[in-house]
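As structure tokens, the structure follows; a few thoughts come after it.
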Amino acid sequence: MNHGELSPLQVIFQHMPTLAWMKDREGRFLEVNTAFTRFCHKSPAEILGKTVRDIMPAFLTTVYEELDTAVLQSLLPQSRDHVYRENRAGSNWFDTQIIPIFHRNGSLSGTIGFSRKISRRKQLELKLENQQQFLRTMMDSIPDMLVFKDLQCQVLGCNKSCRELLYGVEQERDVIGKTTWDILKDTQLAENCLKKDYEALLLNQPVKVEEQYTLVNGSVIDVETVKTPYHDKEGYVTGLIAISRDITERKRYEEELRCREQQTLRELHLAAQVQQDTLPDALTLPELRVDTLFLPYHTVS
């Protein structure tokens with residue numbers, strides 16, 4: 001059939017790069033385009049009047065029949081990404097859409113289908129999903145509390161420690177889009193957090209602060225928080241990352257060291273006083289003078 005025998009719509013249909021077809025209510029092919037016949041390695045005469053079960057491999061038959069059934073039951077368009085074939089170069093992915101068509105009286109006439117190859121796009125999506133899953137696993141394995149925010153200081157994401165210990169939520173979606181005012185019960189802590197958030201964003205440099213957090217279980221811990229702005233590829237600030245580390249044990253150890261040092265100083269002062277008090281008096285004779293030489297402990301050390 002030459003182009004002169006086809007209507008403009010038929011010409012477009014036949015030359016579409018995607019697979020395209022039309023079926024009746026029983027799933028029999030009424031029309032297929034050139035891309036579809038090439039995909040099936042069959043002529044139109046071998047396809048028209050047949051069902052997908054007659055011309056497609058079993059694994060593809062299942063996909064198309066499930067989509068057809070969903071369209072006939074819901075009378076709404078349906079779509080699905082699916083694998084056509086596995087090979088050494090990877091999976092061949094297709095995006096298939098089935099759309100119902102109706103008579104003028106509103107009754108179902110049949111369906112129109114389109115299927116296009118999306119292997120490259122799907123591979124990129126899967127790669128991105130794997131990267132996101134890796135980052136999520138890595139973030140959740142960090143014992144420090146980590147949260148990243150946008151320029152309005154609204155939460156974009158946080159790790160498991162932050163959700164469970166500080167925010168008291170199980171799912172990340174429960175805090176996304178919220179500020180510390182919306183999440184934290186401690187209003188003073190929320191105010192301090194926001195103040196340091198904006199300071200880091202305005203200065204465009206990391207800000208470090210030591211503060212106390214009241215956790216979900218009621219315990220109070222000392223934390224060291226570093227708020228660091230992050231940038232887009234043009235160098236503009238787009239948000240910040242805050243990492244809070246529990247330093248309660250470190251602070252306790254530092255306090256113990258201070259107490260020990262003070263105790264040691266008191267003991268040394270006492271020892272020096274005792275030593276000075278036990279020294280003999282100076283001896284003075286016409287031919288001889290003996291003075292006591294005393295060096296305090298801090299001079300000797």
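Summary table
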read-out: Residue selected from segment 168-182 under the condition part of a loop (DSSP other than H, G, I, E, B) and in contact with a Lys or Arg (Cβ under 9 Å, 6 or more places away or on another chain), by the criterion surrounded by the fewest Cβ atoms within 10 Å (Cβ to Cβ); value: Gln171
read-out: Residue tally, condition under 24 Å from the mean Cα position of the chain (by Cα) and under 16 Å from Leu166 (Cβ atoms), over segment 214-233; value: 7
read-out: Residue that is least open to solvent (accessible area, probe 1.4 Å) [pool: residues in segment 183-210 that are modelled with pLDDT of 90 or more, acidic (Asp, Glu) and over 22 Å from the mean Cα position of the chain (by Cα)]; value: Glu199
read-out: Of all residues making up segment 83-127, the number that are open to solvent by less than 60 Å² (accessible area, probe 1.4 Å), without any contact (Cβ under 8 Å) to a residue 24 or more places away in the chain and not β-branched (Val, Ile, Thr); value: 3
read-out: Long-range neighbours under 9 Å by Cβ, at least six apart or interchain, first residue more than 22 Å from Ser244 (Cα to Cα) within segment 128-140, second not polar (S, T, N, Q); value: none
read-out: Extreme residue, surrounded by the most Cβ atoms within 10 Å (Cβ to Cβ), among residues of segment 136-167 that are outside any loop (DSSP other than H, G, I, E, B) and of a type in the set (Val, Ile, Thr); value: Val147
read-out: Residue tally, condition among the aliphatic types (A, V, I, L, M) and modelled with pLDDT of 85 or more, over segment 250-270; value: 1
read-out: Of the criteria (1) at pLDDT 90 or above; (2) out of contact with any helix residue (DSSP H, G or I) (no Cβ under 7 Å at 6 or more places or on another chain), which one Arg53 fails; value: (2)
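The values are calculated or read from the model by the stated rules, or taken from the named source; none is laboratory data. From a predicted model like this one, the values you see are computed outputs, not experimental measurements. No Cβ is skipped: glycine too gets one built from the backbone with ideal geometry, and neighbour counts run over all protein chains shown. What goes into the accessible areas is simple: the full protein's heavy atoms, side chains included, and nothing from ligands, DNA or RNA. Shrake-Rupley method; radii C 1.70, N 1.55, O 1.52, S 1.80 Å.
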